[in-house]
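Reading through the structure tokens given below for one structure.
Only the coordinates and a few stated rules stand behind these numbers; no lab work does. Since the model is a prediction, treat every value here as computed from it, not as a measurement. Positions of Cβ are backbone-derived with ideal geometry, glycine not excepted, and every protein chain shown enters the neighbour counts.
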Amino acid sequence: MYNIFCLQKRTMIINLSGIIDSEGKLPIKGMVEFGRVEFDNMTYEFTPCMVEGEIVNVGGNLELTANVKGQYETACTRCLAPVIVDVDTDIFEVLNGKDVTSELFKINRNECEIDELFLSAILTEIPLIALCSEDCKGLCPTCGKNLNEGPCSCGE
Ligand SMILES: [Zn+2]
Ligand SMILES: [Zn+2]
């Protein structure tokens with residue numbers, strides 16, 4: 001499993017009453033707040049993200065199709081300056097079916113939380129490298145000076 005640590009989580013709860021026992025479609029739209037997320041030794045500070053999609057009961061399978069849009073701030077891989085990255089992630093997941101149940105899908109009195117599904121989909125696609133600019137010069141490995149601000153004297 002992922003090593004996800006969410007500090008300021010606000011939960012998105014979906015009431016599935018209308019589609020849990022019969023075929024049907026439930027549109028979902030709203031904001032999710034992941035807040036500050038620590039993942040793989042990196043920190044991502046999310047803005048509130050917009051979720052739009054639907055959950056459909058097809059022959060007893062609950063299928064989620066959705067898109068999440070937002071932004072997060074993280075540190076430039078080379079110089080550690082803050083970088084803002086856009087999130088635009090499409091998700092398709094069989095939540096609960098005859099053969100499969102998503103391990104992130106928990107249902108309680110016809111209500112389910114789907115934030116973790118969205119977050120894990122975003123983190124799966126998150127770029128390993130974030131740069132403040134294409135030609136970021138990074139930090140000097142010897143003295144640690146930010147070389148975008150000018151040369152250091154190590155090479156002299
Ligand atoms: Zn940089
Ligand atoms: Zn240096």
Evaluate the chain: find the radius of gyration of its Cα atoms, find its Kirkwood radius, and give the ratio Rg to Rh.
1.14
Hey, can you grab everything whose amide H is under 5 Å from the amide H of Ile114? Only 5+ residues off in sequence or another chain; H modelled, so Pro and N-termini drop out.
Met12, Ile14
Report, in debye and to the nearest 20, how large the dipole of region 4-149 comes out about its Cα centre when Lys and Arg carry +1 and Asp and Glu carry -1 on their Cβ.
360 debye
Restricting region 86-151 to trypsin sites (Lys or Arg not before Pro) in coil, as DSSP defines it, with at most 10 other Cβ within 10 Å:
Lys98, Arg109
Result: in region 4-149 the number of Lys pairs with C-alpha under 22 Å apart, spaced 8 or more or on different chains, is 10
